[in-house]
1. What does the structure give for B:137-149 when I average, per residue, the other chain Cβ atoms found within 10 Å of the residue Cβ?
2. Spin-label point model (7 Å from Cα, Cβ direction): what's the B:Val53 to A:Leu171 distance in nm?
3. If one takes the longest principal axis of the Cα atoms in chain A, at what angle in degrees, from 0 to 90 and to the nearest 10, does the Cα axis of helix A:34-49 lie?
4. Hey, if you put +1 on the Cβ of every Lys and Arg and -1 on every Asp and Glu Cβ in chain B, which of B:Thr296, B:Leu281, B:Phe129 ends up farthest toward the positive end of that dipole?
5. Only four residue types carry charge here, +1 at the Cβ of Lys and Arg and -1 at the Cβ of Asp and Glu. Report the dipole size of chain B about the Cα centre in Debye, rounded to the nearest 20.
6. Hey, got the average number of other protein chain Cβ atoms within 10 angstrom for residues in B:51-62?
7. Highest GNM mean-square fluctuation, chain B, Cα pairs closer than 10 Å: which of B:Ser43, B:Ser251, B:Ser273?
8. In deg cm²/dmol and to the nearest 500, what is the mean residue ellipticity at 222 nm of chain B if only DSSP H runs of at least 4 residues count, each as -39500 (n - 2.57), divided by the residue total?
Amino acid sequence: MKDPNSLPKDPMMAELVKMARRQQLTRRTALAGAAGTVTALGLAACAPASEPGGTASEAPTAAVDVSDTEKVLTWDNWTEYMDLSDDETSRPTLERFEVQSGIKVEYLETYLDNDEYFAIVKDQLALGQDIGVDVICPTEWMAARYVSNGYAQKLDAANIPNKANLAPAYLGASYDPNRDFTMPYQGILGGIAYNKQLYKELTGKDSPETVEDLWADELNGRVVVLSEMRDTVGVIALSEGIDISSESSFNEDAYMNIIDRVEGLYADGKIRNIEGNEYTKGFRNGDYVAGIVWSGDVVQMNFSKRTKDMFGFFLPESGGTISSDVFTVPIGATHKKNVEQLINYYYDPVNAAELAKWVNYITPVAGAYEEAVKLDPALAENNLIFPSADFLTRTHAFRALNSQEEQTFSTAWQRILLGA
Amino acid sequence: MAQVATRAPRSAAGQPKKSRIVLLLLLPGMIYLGLFFITPFASLITTSLQAPVLGGGIGQYQPGLEFGNYGFVVNEYMEQIVRSFVYATIATLLALAFSYPIAYFIGVRARKHPVLQGLMLTLVIAPFFISFLLRTFAWKELFGQDSWISNLLRDSAILAQDQYLLGTPIVVIFGLTYNFIPFMTLPLYTNLERLDTSLLEAGSDLYAKPTSTFWKVTFPLSLPGITSGTLLTFIPIAGDYVTASRSFLGSPNTAMLGNVIESNYLRIQDYPSASALSVMLMAAIVVLVSIYIRRTGTEDLL
């Protein structure tokens, strides 16, 4: 008794059916072997093109929230980004949230790479489909892409009273100035790390002081930089006196000059390799003596038994980069209200302090420092977890890029990574 | 005789029916090929001809007939394209040089000792049981700055004090060779295992030196094994994107075609360029392989 003109529930199927109707495909042509395949391909080829370019008419709409009836949520996060009990079998803060809220959290650690994750889910998001995950924590620049494409759901501030605890430094991002769509999970510092003993052996000095010190002849072939463009280019640009937060100072010419600089440094063997998160391996086994890296990794390497306190980290006088990974609710997620409760929970200073103590990144929650002093005074004095105001003045955020710039900037950066 | 006689007319009558059954049996295979080979391949070709959306954001393309994409990628990535095929050729030849004696020993010399034969085959295949990624990571550790291999090479003055192994073409080619050696050894072994040793005896009876027996008898007879072995190694090596990547044994200086495709597809989201490169890689391999098979005279393999 179904209406023959009704569309299937699944949005992808519905889209296909609509297209097929538009082209008035008869069964015969659809089945005509090669022709049928080509038509199907035509449809497949159309899919990426119909991706909304930020235009409101095409943007997918948020899914219906079923949080009131389904007390569950799925969180896909980066690895080693959640506190673990000493025996590493449970996650204390997360379990406490489950008990307090009655919401069962399925915690996944399959968010390994901003670009890759986006490439996997973007077609589903363009159709407004549920990707099976209610909250992810992309890095700011990627979150900006989710928000501007309409792939992120607007958060309801009324459900997050602890939003008041957000440190003011995290407000004012150009893609989401009032944090209506995203909330910072952890802040990330990009600066310079060095192996204390090897650096002394090679250069005779205790520690590097400026970015220029990395390019000393004694360190040839022993310096690594991040493959994350915004941190490497950011730190080097800052050392050349460019304000990376300003559009006028950090224009395309300035950017390309830095690209040339990095290319030259690589060609001269000053930069040995350009790596993602795997660079810690090279630091641990002594391949790299110094480099431009993320602070949290250095704290963690210094905690681990084999490399206890082997490394130093500092922000050069010229400045380091600051960014953050932000809670983002994908457009098709059906448990937004549950996620808002989760965010609210982690914005309670007590919980934030406990989390920061374990993950070693910067907490965006004001008041967490005071709680950390009670928990572990020594840790609270660690500038890399609870940076002092003075320390923070040396951090700069990489400015937002428009989509044209994003294309040219990242293409230029990828060319270096491919040795072109 | 009677049986043959009664059979003949029946099979003649059953011919059309039989071919229908054959078609029916072929159907799942054809559907499979259509769905999982033809469809993605055609989709790859259409994607490779897409044009960017004017004023669109990163990764936004529309259907088009932009044949210039091919010229663009050739210009842009010539270095990596050439490098891929050079690395693949060297690694394949090295794999052949390592595998032939191993396969010969297992397949011919160890024939009288089945236990030894089984044991050695296990040794060749055993690395397969450990993930390819883990093995490559292990080599990364072994080639590190402070590893015993690096130290040994430095102490014996083969490597200068400020030189290093990781990220150099030598280590990348080593990694490629190592990872694909079993694909070379196994086909060679199955071929040499069937080698008729009485032919070798005949060779020596006719006063041929061992080397000429090898080149005149053993080698030509093992050509089908060599051909399938080189194809099984060369093709995946040319498209490999793990060993040469910056996260494993390589550096920007060793980027191969697979790395370029990965970067274009996932990082820059330049789908047309990535697809154009993939199509070219496939085409280049098909051309190279058909020339190769013609020259080695083993068309019957196909």
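All of the numbers you see were taken from the coordinates with simple rules; none came from a lab. These figures come from a predicted structure and were not determined experimentally. Virtual Cβ from ideal backbone geometry, glycine too; neighbours counted across all protein chains shown.
1. On the way: counts 2, 0, 0, 5, 3, 0, 1, 6, 10, 4, 3, 0, 0.
If you average over the peptide's residues, the count of other-chain Cβ atoms is 3.
2. According to this spin-label approximation, the distance is 3.4 nm.
3. Roughly 50 degrees, rounded to the nearest 10.
4. Farthest along the dipole direction, towards plus: B:Thr296.
5. Magnitude of the dipole: close to 1260 debye.
6. 6
7. Comparing B:Ser43, B:Ser251, B:Ser273 in the GNM, the peak value goes to B:Ser43.
8. Result for chain B, helices only: -21500 deg cm²/dmol.
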